[in-house]
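Below: the structure, in structure tokens.
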Amino acid sequence: MTNPITVYHLPRSRSMRVLWLLEELGLDYKVDSLEYIPGKFGGAEYTKIHPLNKIPAIKDGDMVMFESVAIMQYIMDKYAPGKLRPALDDPEYGPYLQWLHYGESTLAPIVATLMYQRHFFPVDRRSKDVEAWAEVELAKVLSMLETQLGDHDYILKSGFSAADISVGYCLLLVRLAKAHAQITDRIEDYWDTLTDRDAWLKMSKI
């Protein structure tokens, strides 16, 4: 990597996925820490990077990109081929892709629903029915994760992969949503395993 990737970052945001991946791969990067401005993160200047003012985004040379899981795939394809994922002809490659996207496409929307109902919406816009629905759905999607984990440390039997980064970030959101009733002992053990990794410990201090 000639010039390090710039990661636009806010603590607890999806940029943690990107930083975690970069740390696991041992790649150089720069962090541009944004202002916390609800509804317009980073202010007017960041709008030039991401018109929706969402987090994260990266800049790699003249190329600007957003969407955290897509960024992960881009970095691995360009700078770390064959690392943190099974080979294309490996039987685990399909499950790997499935769980890589499970974090954002299945788990994150349900957790976000809970967070809006419990934290972000004004009290008069909250719905106990929606909150109860999200609690039931979260228990279902975490149960699927628990089944996949089985008796091994990570999502894949072969070991740690980028899928764990994608899903693991969402487990932070589960905790921030105060969804403790849906966190089983097995999911808690998995969380402890993830957050004991050196890359997580370093990244989480940024």
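The values are calculated or read from the model by the stated rules, or taken from the named source; none is laboratory data. Because the structure is predicted, anything quoted here is derived from the model rather than measured. Using ideal geometry, Cβ is built from the backbone for each residue, glycine included, and neighbour counts are taken over all protein chains shown.
Numerical summary
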{"quantity": "Residue satisfying condition, being within 18 Å of the chain's Cα centre (by Cα) and surrounded by 12 or more Cβ atoms within 10 Å (Cβ to Cβ), within set 134, 112", "calculated": "112"}
{"quantity": "Matching residues, the range 1-45, being among the polar types (S, T, N, Q) and under 20 Å from the mean Cα position of the chain (by Cα)", "calculated": "6, 13, 15, 33"}
{"quantity": "Sole exception among (1) at pLDDT 95 or above; (2) of a type in the set (Asp, Glu); (3) more than 18 Å from the chain's Cα centre (by Cα) for residue 67, by number", "calculated": "(3)"}
{"quantity": "Residue match in the range 106-123 (condition: of a type in the set (D, E, K, R) and in a loop (DSSP other than H, G, I, E, B))", "calculated": "no"}
{"quantity": "All positions within the range 154-186 that are over 24 Å from residue 81 (Cβ atoms), surrounded by 15 or more Cβ atoms within 10 Å (Cβ to Cβ) and of a type in the set (D, E, K, R)", "calculated": "186"}
{"quantity": "Selection from the range 26-48 of residues that are of a type in the set (A, V, I, L, M, F, W, C) and surrounded by 19 or more Cβ atoms within 10 Å (Cβ to Cβ)", "calculated": "34, 41"}
